[in-house]
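Scroll down for the structure; my scribbles are underneath it.
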Amino acid sequence: MVNHNKKLYLILLALSLGLFIGMPNETEANGGPPYNIIIPPNDYFNLTYSYNFLQFDFNISTNVYTILNLDFNLSYHLLTSRQISLEIKNNEDVELEFTAIFDIEGFLDNLPENPSFQDLILGFQYNSFYKIKSNTSISQLSFKFIKSPIFGFQTEDNFSIGYYKGEISGNPELLSTYESESEGVNYINGEIESLEEEEVYYFTIYEVNEKPENPPSYNWLWILIPIAIGFVGILIVLSKKDYIKHIKRRTTS
């Protein structure tokens with residue numbers, strides 16, 4: 001009887017660990033978001049959520065004990081699925097709030113039509129933001145997106161990861177973004193260092209195009225002066241020729 005109770009206890013303990021460590025809390029969420037996840041150090045969590053032929057694929061790995069509060073609303077109509085991978089590198093435990101925002105109509109009025117950054121023009125076709133907040137500063141937070149039309153990225157275009165801090169308004173800050181390839185899959189990568197404690201960040205993806213070069217500007221005054229001098233010189237030469245012809249006529253007569 002003791003052995004039976006011990007086995008039953010171990011089974012219940014295993015189910016509890018499976019429910020709260022590395023798996024969505026489906027009991028609390030009733031099968032959908034939000035999820036409250038506990039991720040042990042040097043472990044990861046992955047969730048693929050499907051809705052109306054679309055899916056949201058979320059993956060996070062961490063080197064510290066992490067409590068993840070994950071929320072999103074996939075019921076808003078998107079043309080393509082969404083995918084994001086995060087990697088946390090830190091020196092202390094983290095409690096992270098992550099919200100995928102697919103209904104961005106409320107933010108559109110605060111966004112410039114064609115954001116610009118130095119010599120770049122940014123196109124915003126991704127129509128999604130990822131809201132992130134941490135209870136402590138994070139040394140490095142890395143992003144990885146699969147570059148595929150399935151997830152909203154045309155393979156021939158260039159992209160950059162950008163973010164707003166505090167609120168979505170005006171031009172974004174851009175992360176140093178690079179592409180990589182592994183086993184035939186292309187990725188868009190970037191990272192932010194020193195993510196601030198209790199600060200709200202909004203991350204997204206921008207299509208990057210170089211600004212067209214402006215035609216060279218000319219100082220027309222410096223162009224017209226030599227032309228005028230040359231024209232006057234021609235008049236002087238012609239006048240001299242006419243004067244010489246006039247003298248020759250007088251001498252002949």
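Numerical summary
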quantity: Complete set of residues in the stretch 128-174 that are on the phi > 0 side of the Ramachandran plot and in contact with a Ser or Thr (Cβ under 9 Å, 6 or more places away or on another chain); calculated: 152
quantity: Filter pass, residue 194 being among the polar types (S, T, N, Q) and touching a helix residue (DSSP H, G or I) at 6+ places or on another chain (Cβ under 9 Å); calculated: no
quantity: Those residues of the stretch 43-65 which are of a type in the set (S, T, N, Q) and within 15 Å of residue 85 (Cα to Cα), in sequence order; calculated: 46, 48, 55, 59, 61, 62, 63
quantity: So residue 153, is it in a loop (DSSP other than H, G, I, E, B) and at pLDDT below 95; calculated: yes
quantity: Residue 145 being touching a helix residue (DSSP H, G or I) at 6+ places or on another chain (Cβ under 9 Å), part of a strand (DSSP E or B) and under 16 Å from residue 83 (Cβ atoms); calculated: yes
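The values are calculated or read from the model by the stated rules, or taken from the named source; none is laboratory data. Nothing here was measured: the structure is a model prediction, and the numbers come from that model. Every residue, glycine among them, receives a Cβ derived from its backbone with ideal geometry; neighbour counts consider all protein chains shown.
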